[in-house]
1. If a residue must be within 17 Å of L77 (Cα to Cα) and assigned to a loop (DSSP other than H, G, I, E, B), how many such residues does segment 97-139 contain?
2. Considering only residues of segment 140-152 that are in a loop (DSSP other than H, G, I, E, B) and open to solvent by 90 Å² or more (accessible area, probe 1.4 Å), which is farthest from P354 (Cα to Cα)?
3. Of everything in segment 27-43 that's open to solvent by 30 Å² or more (accessible area, probe 1.4 Å) and part of a loop (DSSP other than H, G, I, E, B), which residue is nearest to L260 (Cα to Cα)?
4. For segment 319-329, check the following and say yes or no: at least one residue is under 20 Å from F14 (Cα atoms), in contact (Cβ under 8 Å) with a residue 12 or more places away in the chain and not small (G, A, S).
5. Just need a number here: residues in segment 187-204 that are touching a residue at least 40 places away in the same chain (Cβ under 8 Å), not β-branched (V, I, T) and not in a helix (DSSP H, G or I).
6. Considering only segment 270-290, state which residues are surrounded by fewer than 20 Cβ atoms within 10 Å (Cβ to Cβ) and either small (G, A, S) or on the phi > 0 side of the Ramachandran plot (or both).
7. Give me the pairs, please: first residue somewhere in segment 223-249 and open to solvent by 60 Å² or more (accessible area, probe 1.4 Å), second residue anywhere and modelled with pLDDT of 95 or more and of a type in the set (K, R), beta-carbon distance under 7 Å, and either six or more positions apart or on two chains.
8. Mind checking which residues of segment 53-96 are open to solvent by less than 20 Å² (accessible area, probe 1.4 Å) and part of a helix (DSSP H, G or I)?
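The values are calculated or read from the model by the stated rules, or taken from the named source; none is laboratory data. On a predicted model such as this, the values are computed, not experimentally measured, just so you know. Cβ placement follows ideal geometry from the backbone for every residue including glycine, while neighbour counts extend to all protein chains displayed. The protein model used for the area step is the full one, side chains on, heavy atoms only, and it has no ligands, DNA or RNA in it. Shrake-Rupley method; radii C 1.70, N 1.55, O 1.52, S 1.80 Å.
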Amino acid sequence: MTTSSPPAARRVVFVDGVRTPFGRARKDGLYAHTRADDLAVRTVRELLRRHPQLPPERVDDVALAATTQQGDQGLTLGRTVAMLAGLPPTVPGFAIDRMCAGAMTAVTTTAAAIGYGAQDVTIAGGVEHMGRHPMGFDADPNPRFMAERLVAADALNMGVTAENLHDRFPALTRERADAYGVASQEKFAKALAAGQIEPDLVPVALRDPERGWGLATADEPPRPGTTVEAIAGLPTPFRPGGRVTAGTSAPLTDGAASCLLAAEDVAEELGLPVRMRMVSFAYAGVEPEVMGLGPVPSTEKALARAGLTIDDIGLIEINEAFAVQVLSFLDAFGIADDDPRVNPYGGAIAVGHPLASSGVRLMTQLARQFEERPEVRYGLTTMCVGLGQGGTVVWENPHFTEDAR
C-alpha cells in the first residue's frame with residue numbers, strides 16, 4: 001500500500017479588498033431599494049476588474065457570509081453571487097455564518113484550504129442588508145437555552161451584553177465610552193479627508209422608485225463634528241439609566257465587502273500584488289452575556305500560535321460594535337484608550353457595521369495602513385461575535401523594512 005505525506009503548508013496572502021459604501025439600514029437609507037446579493041456582486045466584479053491578470057477560471061472557491069440568510073441574502077450566496085458576477089460556472093461557492101465574524105471566517109476558512117494546498121485563489125467576503133433582514137429576524141432559539149439556563153435571558157440582545165460589560169468592569173465608565181465614540185468619528189473624518197477611505201470603495205448604482213437613478217459613492221453613517229457634549233445626553237435604549245447610547249454603538253448598516261486571497265507563489269506566478277501575509281488566526285468563546293470580551297481570548301490564542309506578544313503588534317483594527325467592547329479589549333492588554341496603533345481610520349461607530357461584512361473591511365483598512373507604515377511588521381484584525389465569541393487574524397506587512405523603524 002502506497003501512502004503519501006500531507007502537503008507542506010503554503011503562505012497565504014491578502015491580494016486586495018474592496019467594499020461598497022455603507023448605508024444606514026432604514027426605509028430611506030442608501031440601499032433601501034437595492035438587493036443584498038447585488039451589493040456582494042458589485043464587490044466581486046470590482047476585484048476582478050482591478051486584477052485583469054487573474055483568469056476568472058483560476059478562482060477556486062467563493063465564500064460569502066451573511067448573518068440572516070434569507071430572501072436576497074439566502075440561496076447559497078457564494079455560488080449565486082459568483083454566477084451573477086460573471087465567474088465561469090466551473091467556479092464553486094458556498095455561504096457561511098459566524099454572525100459578525102462571517103467575512104472573517106470566510107477568509108480564514110478558504111485561507112486554510114489554500115495553506116493546505118487544496119486551493120490556489122479564493123474570493124471571500126460578506127454582505128448584510130440589515131434594513132431588509134434585521135439581526136435575528138424570524139429566528140427560533142431553542143427553548144432549552146432559557147429553560148436549562150444555558151445562557152442568560154439577555155444574552156441574545158447585543159446592546160444589553162454591552163451594558164453587562166459596564167457592570168462587570170467599573171473602570172469602563174460611560175465617560176470613557178463617550179470619549180472613545182467621539183474619537184472614532186474624528187479619526188474617520190480625518191482619514192476621509194486624507195484620501196485613505198475612498199480608494200477601497202466601489203460605487204454602487206442605485207434605483208429609487210421616487211427619485212430615479214443614483215450612485216452611492218460615500219458612506220452614509222458617519223457623523224463628523226460629533227462632540228462629547230452632544231452625545232452626553234443621549235438616551236440609553238438598552239437599559240433605563242444605562243451607559244450604552246447611539247453615540248457609542250455602531251449604527252444598523254447595509255453593505256458588502258470582499259477580498260481576494262492566494263498562495264504567495266501563485267500570486268507571484270500571476271503577477272498579483274501581495275498586500276498582507278497571514279500569520280495566524282484563532283476563534284474563542286466566552287459567556288454570551290459578555291459577548292464583547294470575545295476578542296481577548298481569540299487574540300491571546302492567535303498571538304500564541306504566531307509566537308508573538310501584543311507588544312509586537314504595530315497596528316490593531318478592532319471592530320467597534322460598541323465602545324465599551326473595544327475598551328474592555330484595550331484594558332485587558334494594557335493599551336491606552338488613545339493608543340495610535342488602534343483603528344487609525346476610526347471604526348464602526350463612525351462608518352457602520354454591516355455584521356457579516358465587517359471582517360473584510362478591517363482587513364482592507366489594515367492593508368492600506370501597512371503600505372503607509374513600512375516600519376510596522378505585524379498587525380491584527382479582531383472582533384467580537386454574537387452569542388459570545390471572538391475572532392482574530394494576525395498579519396505580516398510585506399512592505400516592512402528594518403530601515404524604516
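1. Counting residues in segment 97-139 that are within 17 Å of L77 (Cα to Cα) and assigned to a loop (DSSP other than H, G, I, E, B) gives 6.
2. Taking segment 140-152 and keeping what is in a loop (DSSP other than H, G, I, E, B), we get 140-143, 148-152.
Then drop every residue that is not open to solvent by 90 Å² or more (accessible area, probe 1.4 Å), which leaves 140, 143, 148-150.
Values: D140: 22, P143: 28, E148: 32, R149: 30, L150: 28 Å.
Per the criteria, the residue is E148.
3. My answer is R35.
4. First, the residues of segment 319-329 that are under 20 Å from F14 (Cα atoms): 319.
Subsequent filtering for residues that are in contact (Cβ under 8 Å) with a residue 12 or more places away in the chain retains 319.
Adding the requirement that they be not small (G, A, S) leaves 319.
Yes.
5. Of the residues in that region, 3 qualify.
6. G271, S280, G285, listed by residue number.
7. R243/R174
8. Correct list: D72, Q73, L77, G78, V81, A82.
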